[in-house]
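The values are calculated or read from the model by the stated rules, or taken from the named source; none is laboratory data. Small disclaimer: the values here were computed from a predicted structure and weren't measured. Positions of Cβ are backbone-derived with ideal geometry, glycine not excepted, and every protein chain shown enters the neighbour counts.
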Amino acid sequence: MRHGDKINNLGRKTAHRKALLSNLAIQLITHKRIVTTLAKAKALRTYIEPLITKGKDNTTHQRRVVFSYLQDKEAVTELFGTIATKVAGRPGGYTRIIKLGARVGDNAETALIELVDFNEIYGKGKGEVKEATAKRTRRAGGSKKKAAEEAAEAPAKTEEKAAE
C-alpha cells in the first residue's frame, strides 16, 4: 500500500533521483526552458519552486542551502541574480509545464517546462490586454447600485430647479 506516498520515484533509487533532479534544475536555471518527459517535469516543478523562493532572499545561508541542492556555482549565481530580480513580485508559480505530445522513439509523453517570467510571448501579450480593457464584474447587485446613485442625484436636481 502507498498511503500518503506523494513522491514520484521516477523508477530510480534516491541518489540517482536526486542527481537527476539537480541536473534538470541546473539546466532549467541556465537555459530558462527545457524539454523532458511529463513525469520528470512535474517532479522538477516540486523540486525547483522552493529553490526559487529561497533565491528571493539573498543571504549567505540561503545561498548555501540552494548550493547543497544544485552543486553548481554558476547556476546559484544565476538564480540569485537575474532570476530572483524577475520573480521578486511573484508569490509562487514560477514554472509552466506545456505538454508536447508523445516522443517518437519510445512514445513517452514529453513536456516543455519553463520559467514563467522569461517567456516574452505569454508575458507581454497578457499584460497589454489587462491594461487596455477595463475590469468588468458580473454581480447581481448592479441595478441596485445604479438605482441608489440615481436616488442620490434626484434631490440635487430638485434643488437646482428650485434655485432657478
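Considering region 33-77 alone, what residues qualify as being in contact with a helix residue (DSSP H, G or I) (Cβ under 6 Å, 6 or more places away or on another chain) and touching a residue at least 60 places away in the same chain (Cβ under 8 Å)?
Within region 33-77, Ile34, Leu44 qualify.
Which is polar (S, T, N, Q), out of contact with any Lys or Arg (no Cβ under 8 Å at 6 or more places or on another chain) and assigned to a strand (DSSP E or B), of Thr36, Thr53? Break it down stepwise before answering.
Details: Thr53 fails: assigned to a strand (DSSP E or B).
Going through Thr36, Thr53 in turn, just one is polar (S, T, N, Q), out of contact with any Lys or Arg (no Cβ under 8 Å at 6 or more places or on another chain) and assigned to a strand (DSSP E or B): Thr36.
So, Gly81, is that one part of a helix (DSSP H, G or I) and modelled with pLDDT of 95 or more or not?
Values: part of a helix (DSSP H, G or I): yes; modelled with pLDDT of 95 or more: yes.
So Gly81 passes the test.
Only one residue in Gly93, Gly11, Gly4 is of a type outside the set (A, V, I, L, M), outside any helix (DSSP H, G or I) and within 22 Å of Tyr122 (Cβ to Cβ). Which one?
Details: Gly11 fails: within 22 Å of Tyr122 (Cβ to Cβ); Gly4 fails: within 22 Å of Tyr122 (Cβ to Cβ).
That would be Gly93, the only listed residue that is of a type outside the set (A, V, I, L, M), outside any helix (DSSP H, G or I) and within 22 Å of Tyr122 (Cβ to Cβ).
For the condition touching a residue at least 60 places away in the same chain (Cβ under 8 Å), over 15 Å from Asp117 (Cβ atoms) and loosely packed, with under 13 Cβ neighbours inside 10 Å, what is the one hit in Lys13, Lys99, Lys6?
Values: Lys13 fails: touching a residue at least 60 places away in the same chain (Cβ under 8 Å); Lys6 fails: touching a residue at least 60 places away in the same chain (Cβ under 8 Å).
Checking each option against the conditions leaves just Lys99.
Would you call Gly92 surrounded by fewer than 18 Cβ atoms within 10 Å (Cβ to Cβ) and in contact (Cβ under 8 Å) with a residue 40 or more places away in the chain? Please lay out each step first, then the result.
On the way: surrounded by fewer than 18 Cβ atoms within 10 Å (Cβ to Cβ): yes; in contact (Cβ under 8 Å) with a residue 40 or more places away in the chain: yes.
Spelling it out, Gly92 is indeed surrounded by fewer than 18 Cβ atoms within 10 Å (Cβ to Cβ) and in contact (Cβ under 8 Å) with a residue 40 or more places away in the chain.
Is region 17-26 home to any residue that is assigned to a helix (DSSP H, G or I), closer than 20 Å to Asn119 by Cα and in contact with a strand residue (DSSP E or B) (Cβ under 9 Å, 6 or more places away or on another chain)?
yes
Is it fair to say Arg64 is in contact with a Ser or Thr (Cβ under 7 Å, 6 or more places away or on another chain), surrounded by fewer than 18 Cβ atoms within 10 Å (Cβ to Cβ), assigned to a helix (DSSP H, G or I) and of a type in the set (Lys, Arg)? Reasoning before the result, please.
Values: in contact with a Ser or Thr (Cβ under 7 Å, 6 or more places away or on another chain): no; surrounded by fewer than 18 Cβ atoms within 10 Å (Cβ to Cβ): yes; assigned to a helix (DSSP H, G or I): yes; of a type in the set (Lys, Arg): yes.
Criteria not met by Arg64.
Output yes when any residue across region 106-113 is without any contact (Cβ under 8 Å) to a residue 40 or more places away in the chain and surrounded by fewer than 18 Cβ atoms within 10 Å (Cβ to Cβ), and no when none is. Give the derivation first.
Initial filter on region 106-113 (without any contact (Cβ under 8 Å) to a residue 40 or more places away in the chain): 106-107.
With the extra rule that they be surrounded by fewer than 18 Cβ atoms within 10 Å (Cβ to Cβ), the set shrinks to 106-107.
Yes, region 106-113 contains a residue that is without any contact (Cβ under 8 Å) to a residue 40 or more places away in the chain and surrounded by fewer than 18 Cβ atoms within 10 Å (Cβ to Cβ).
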